[in-house]
Structure formats: structure tokens, C-alpha cells
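Worksheet for the structure shown next.
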Amino acid sequence: MHRQFSLQPFSRHYSHSTNPFLDFLEIETNPDESPKPPKITATPSKYEDLLEVLTAYKSVQQAGVLHTLTFVTIDDYLWLLRAVSQELSVLGRNVLYYLAAAVSDFFLPREKMVRPYSLTVDNL
Amino acid sequence: MTTPVSDGSLFSAESYFGTQPPPQTLDHDIASVRSFVHRQRDLGRKVVLVTVSAASSVLSLPAYMSLSQEWWDNCPVGAQRVSIVVSRLPGLFTKAHSFPPATSRVRFLDNFSAGGSLARASIVSSRFLNGLSCRRPARYSRCNIRRVLP
């Protein structure tokens with residue numbers, strides 16, 4: 001379970017802000033002007049690193065050993081944690097909980113939240 | 001069961017889950033977890049639940065944007081309407097570290113095979129590389145759009 005938009009295993013090597021994946025791609029146009037769409041290939045200098053990460057990623061995907069869930073608010077987190085724990089209970093002693101998320105030490109009940117001003121858009 | 005907290009009051013898990021609404025995607029998320037857990041159990045594997053990164057504390061309900069009937073009738077429909085509305089949202093609705101437009105539509109590693117070939121779905125990426133599709137992703141906005149009836 002991780003916060004939405006956090007870096008994740010494998011894809012963390014190609015973050016959209018520090019290592020944008022589009023910089024690793026090249027467009028190969030067809031010289032003979034055939035109707036086939038152009039091909040996308042990996043930049044040769046980055047190919048080896050990409051292949052290593054990609055191979056590990058595909059291996060984990062194929063084995064089905066990684067499952068990810070996202071949360072944003074503390075409410076999301078608590079509801080998810082409770083529900084996931086209930087599902088994991090069928091595994092008995094074959095489960096380890098490693099709860100390292102930095103969740104808030106407070107929450108505001110929904111009935112005490114304020115509703116911000118309403119925006120009115122008439123002149124678009 | 002109740003637990004004392006710092007201000008001397010008591011926190012009750014039963015009360016919390018009884019009064020706070022669950023996330024809208026909870027059932028969908030848990031269905032995928034159930035499938036995953038049962039598969040691991042059938043294969044005799046052990047499972048580790050890891051939770052990382054920080055959760056946000058929500059201090060206010062979502063803002064609403066009111067649209068008049070006249071505007072609604074005269075505005076383009078579909079994605080173009082949503083695009084216009086979202087483009088007028090003030091900066092406070094733009095979440096930090098959101099995906100920039102061009103990278104918002106593709107999960108990078110999902111579109112390649114280990115042999116280096118490109119999946120058919122990635123043809124989409126060649127379109128936005130050519131600048132044909134570059135629209136601000138509406139689904140990451142936390143603003144609800146409400147129609148105002150006359």
C-alpha cells in the first residue's frame with residue numbers, strides 16, 4: 001500500500017520528473033512511406049539499463065508476487081488497512097505486516113469539515 | 001474497544017468506521033486483494049503487507065463549481081466541456097507532482113515486452129509525441145462539477 005503517485009518498484013527508475021521515460025524512446029519512421037505506423041524503440045545508450053529493469057518487472061508480473069494498492073487520505077489508509085488485514089487473515093501465520101506509512105496522528109471527522117466556497121463559472 | 005488519546009478523550013475504532021465513509025473504490029480494491037491472497041495461499045506462499053509513504057489529512061470537503069443553465073446549454077459537450085471547465089480551475093486544485101500531460105496516459109513499463117518489442121497499446125504514445133493529444137487530465141482534479149438547475 002502506497003500513497004498515490006509515490007515512486008514504485010521498477011518504475012521508480014523512470015520517474016516522470018527526474019528521469020522521464022519519453023527521453024528514452026525514439027521514433028523510427030518508415031523510409032518507404034508505407035501505411036504502417038512508425039515504430040518506437042529504446043534509445044541505444046539506455047537500452048541495457050532499460051532491459052534489466054524491464055526483465056525484472058516482467059518476471060515479477062508473470063509470477064504474480066506483487067500487488068499494489070494506492071491511498072491518499074488517512075481515511076483511505078485506515079479503511080484499506082482494515083479490509084486488507086481481514087483478507088490476509090486466511091493465511092494465518094504466513095503473513096508479515098510491515099506498516100511503515102507515515103500516517104497522520106489526527107483526523108478530522110467528516111461532519112466537522114468545512115465546505116469551501118463555491119466557484120461560479122458563467123463566462124467561459 | 002476504545003483507546004485513550006493525547007487530549008484525554010477516547011478513540012473508538014468501531015465509532016470511527018461507523019461514522020466515516022469508506023473510499024469509493026474500496027470494494028474494487030479488496031476484490032483484487034482477495035484474488036491475490038487466495039492465489040498465494042493456493043501456491044503455499046507467504047505474504048508481506050508493506051505500507052509506505054505519507055497519508056494526507058483532509059481538512060475540508062471538496063469544493064464545488066456551479067454552472068448556470070445558460071452556460072450548460074451553450075458549452076460544447078463531452079470531453080471538450082470537461083476540458084474547458086478544468087482549464088478554468090484555480091491553481092489550488094492542481095495537485096503537486098501530478099503527471100504532466102504527455103505522461104499521464106501511459107504506464108511506461110506495461111507497454112514493453114522483455115524482448116524489447118512494443119505492445120500495440122503504445123501506439124497511443126506516438127500520437128501524443130506528435131502533439132496530437134495533450135489535454136490536462138481531468139480525473140486527477142479533486143473538484144466536483146455540479147450543474148445548477150433553474
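Where the second residue is among the polar types (S, T, N, Q) and the first is in contact (Cβ under 8 Å) with a residue 40 or more places away in the chain and lies in the stretch A:96-111, which pairs have Cβ atoms under 8 Å and are six or more apart or on separate chains?
A:Ala101/B:Thr51; A:Ala101/B:Ser53
Find the residue count for the stretch A:55-77, including only residues that are buried (at least 16 other Cβ atoms within 10 Å of the Cβ) and in contact (Cβ under 8 Å) with a residue 24 or more places away in the chain.
8
The conditions are (1) touching a residue at least 60 places away in the same chain (Cβ under 8 Å); (2) farther than 29 Å from B:Thr51 by Cβ, and A:Gln8 fails exactly one of them. Which is it?
(2)
Please determine, by comparing only the residues of the stretch B:33-82 that are at pLDDT 75 or above, of a type in the set (Gly, Ala, Ser) and part of a loop (DSSP other than H, G, I, E, B), which one is surrounded by the fewest Cβ atoms within 10 Å (Cβ to Cβ).
B:Gly44
If the Cβ limit is 8 Å and pairs must be 6+ apart or interchain, which residue in the stretch A:13-26 that is more than 7 Å from chain B (Cβ to nearest Cβ) pairs with which residue that is of a type in the set (Gly, Ala, Ser)?
Listed pairs, sorted by first residue: A:Phe24/A:Ala42; A:Leu25/A:Ala42; A:Leu25/B:Ser125; A:Glu26/A:Ala42.
Within the stretch A:78-124, which residues are surrounded by 14 or more Cβ atoms within 10 Å (Cβ to Cβ), modelled with pLDDT under 95 and of a type in the set (Val, Ile, Thr)?
Of everything in the stretch A:78-124, those that are surrounded by 14 or more Cβ atoms within 10 Å (Cβ to Cβ), modelled with pLDDT under 95 and of a type in the set (Val, Ile, Thr) turn out to be A:Val103, A:Val121.
For residues that are more than 7 Å from chain A (Cβ to nearest Cβ) and among the polar types (S, T, N, Q), tally how many sit in the stretch B:19-31.
Of the residues in the stretch B:19-31, 2 are more than 7 Å from chain A (Cβ to nearest Cβ) and among the polar types (S, T, N, Q).
Take the stretch B:1-15 and flag every residue that is at the interface with chain A (Cβ under 10 Å from one of its Cβ atoms) and either touching a Phe, Trp or Tyr at 6+ places or on another chain (Cβ under 6 Å) or modelled with pLDDT of 85 or more (or both).
If the condition is that a residue be at the interface with chain A (Cβ under 10 Å from one of its Cβ atoms) and either touching a Phe, Trp or Tyr at 6+ places or on another chain (Cβ under 6 Å) or modelled with pLDDT of 85 or more (or both), then B:Val5, B:Ala13, B:Ser15 are the ones that fit.
Check the stretch A:11-28 and report whether any residue there is hydroxyl-bearing (Ser, Thr, Tyr), part of a strand (DSSP E or B) and under 26 Å from B:Phe36 (Cα atoms). Please lay out each step first, then the result.
Start the filter on the stretch A:11-28 by keeping residues that are hydroxyl-bearing (Ser, Thr, Tyr), which leaves A:11, A:14-15, A:17-18.
Narrowing further to those that are part of a strand (DSSP E or B): none.
There is no residue in the stretch A:11-28 that is hydroxyl-bearing (Ser, Thr, Tyr), part of a strand (DSSP E or B) and under 26 Å from B:Phe36 (Cα atoms).
Only one of these conditions is not met by A:Pro37: (1) under 15 Å from the mean Cα position of the chain (by Cα); (2) part of a loop (DSSP other than H, G, I, E, B); (3) at the interface with chain B (Cβ under 7 Å from one of its Cβ atoms). Which number is it?
All conditions are met except number (1).
How about the stretch A:40-81: which of its residues are within 7 Å of chain B (Cβ to nearest Cβ), of a type outside the set (A, V, I, L, M) and within 27 Å of A:Leu108 (Cα to Cα)?
Matches in the stretch A:40-81: A:Phe71, A:Thr73, A:Asp75, A:Asp76, A:Tyr77, A:Trp79.
The values are calculated or read from the model by the stated rules, or taken from the named source; none is laboratory data. Owing to the predicted nature of the structure, the values given are computational and were not obtained by experimental measurement. No Cβ is skipped: glycine too gets one built from the backbone with ideal geometry, and neighbour counts run over all protein chains shown.
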